[in-house]
Amino acid sequence: MKTIELASEGIKLKANLFYPEKLQEKNPAILFVHGWTSNQTRDIQNVKALGELGYICFTFDMRGHGEDKTDLKSLSRTNFLNDALAAYDYLAKLPDVDPENISVIGSSFGSYTSVILTGKRAVKNLVLRVPANYNDEDFEFPWTNKRFDENGSIAHKALHNFKGNVLIIESEKDEKVGQQTIENYKKAVKDQSLLSHVVMRGALHSIKQDPVKVKEYTNILVDWFGKITQ
């Protein structure tokens, strides 16, 4: 693991780069985008498992998360998207990374951000765990009222235009993201043959306190990435 400082709009964010044991000249890579009030440490187990498949993995803390003390109420979705774009650009420029084989894994708000990122950068595969959606208003203004909105169209439009493989992971007992939100994301995928959908039975929105579900999530990722790379 290599810890770095990621520059985004003049702010230095903590990030970590993980290399597989055996490197090729050019390697596939995965960018992880964490959820709201979460942080990059939640993906350590996933990073290790996917590294065994040969992926270079990159995690980072969006501003206002992890060690960054920026007031979340002062930030907009544009700020968070720019953090994700900065992370993607850093990863894509690494000499060992194949820039045409970068995947993105997002969770909750991180899924929302990841979908929008695909409209601005080349992404090969996209994983959305418990993908939240939000109102389209005030995207560029401080987000003082974080409102869920199953019909927000910004992310749906980006997903409709995305041409890569998509995995949507749903939690059966999700108390934050409703069933209609999941269905809307599924319907937004233009080529349904590229869509995979997995329901984690009995899982809540957050699985951080449930080691069994954390392991199940890791196994889902390993199984799916193993299949699409065959």
Inset, instruction - Treating only the Cβ atoms of Lys and Arg (+1) and Asp and Glu (-1) as charged, compute the dipole magnitude of the range 73-126 about its Cα centre; round to the nearest 20 debye. - result: 300 debye
Inset, instruction - At most 13 other Cβ atoms within 10 Å and a DSSP loop assignment: could you name the GluC sites (Glu not before Pro) in the range 13-121 that fit? - result: Glu21, Glu25, Glu52, Glu67
Legend entry - the range 128-142 - phi-based ³J(HN,Hα) in whole Hz, Karplus 6.51/-1.76/1.60, Gly and Pro as x: 10, 9, 6, x, 7, 9, 9, 4, 7, 6, 6, 4, 9, 10, x
Inset, instruction - Enumerate the amide H contacts of Val127 below 5 Å, restricted to partners 5 or more residues apart or on another chain; note that Pro and chain-start residues carry no placed amide H. - result: Val104, Ile105, Gly106, Leu167
Legend entry - Heavy-atom surface of the chain, accessible at 1.4 Å and reported per residue (Å²): 48 Å²
Inset, instruction - Could you point to the label whose value was computed as mean projected area of the Cα convex hull in nm² for the structure here, given (1) 16.7; (2) 11.5; (3) 14.2? - result: (2)
Legend entry - Summed side-chain charge close to Leu85 - residues other than Leu85 whose Cβ falls under 11 Å, Lys, Arg +1, Asp, Glu -1: -1
Legend entry - Of Phe18, Met62, Met1, farthest towards positive along the dipole that unit charges on Lys, Arg, Asp, Glu beta carbons give the range 1-81: Met62
Inset, instruction - Output ³J(HN,Hα) for the range 6-13: one whole-Hz value per residue in order, computed from phi by the Karplus curve 6.51 cos²θ - 1.76 cosθ + 1.60 with θ = phi - 60°, and x for Gly and Pro. - result: 9, 8, 9, 6, x, 9, 9, 10
Inset, instruction - First compute the accessible area of the chain with a 1.4 Å probe, then give the percent of it belonging to carbon and sulfur atoms. - result: 48 percent
Legend entry - Charge dipole (debye, nearest 20) of the chain; +1 at Cβ of Lys and Arg, -1 at Cβ of Asp and Glu: 200 debye
Legend entry - About the Cα centre, charge dipole magnitude for the range 1-114 (Lys/Arg +1, Asp/Glu -1 at Cβ), debye: 260 debye
Legend entry - Residue-count net charge about Lys48 - beta-carbon cut-off 15 Å; Lys, Arg +1, Asp, Glu -1: +1
Inset, instruction - Sum -39500 (n - 2.57) across every DSSP H segment of at least 4 residues in the chain, then divide by the residue count to get the 222 nm mean residue ellipticity, nearest 500. - result: -9500 deg cm²/dmol
Legend entry - Charge sum, other residues only, whose C-beta stays under 13 Å from Asn161's C-beta, Lys/Arg counted +1 and Asp/Glu -1: +4
Inset, instruction - Determine the shape class of the range 111-219: with a ≥ b ≥ c the square roots of the Cα gyration tensor eigenvalues, call it rounded for a/c under 1.5, and otherwise prolate if a/b is greater than b/c, oblate otherwise. - result: oblate
Legend entry - Other-chain or far-sequence residues with amide H under 5 Å of Val199's (modelled H): Glu170
Inset, instruction - Could you tell me which helices of the chain pass both thresholds, a Cα extent of 15 Å or more along their own axis and a mean Kyte-Doolittle hydropathy of at least 0.0, with helices taken as whole DSSP H runs? - result: 211-228
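The values are calculated or read from the model by the stated rules, or taken from the named source; none is laboratory data. Just so it is clear, the structure is predicted and the values come from calculations on it, not from any experiment. Reconstructed Cβ throughout: ideal geometry from the backbone, glycine too, with neighbour counts over all protein chains shown. In case anyone asks, the SASA skips ligands and DNA or RNA and just uses the protein heavy atoms, side chains included. Shrake-Rupley method; radii C 1.70, N 1.55, O 1.52, S 1.80 Å.
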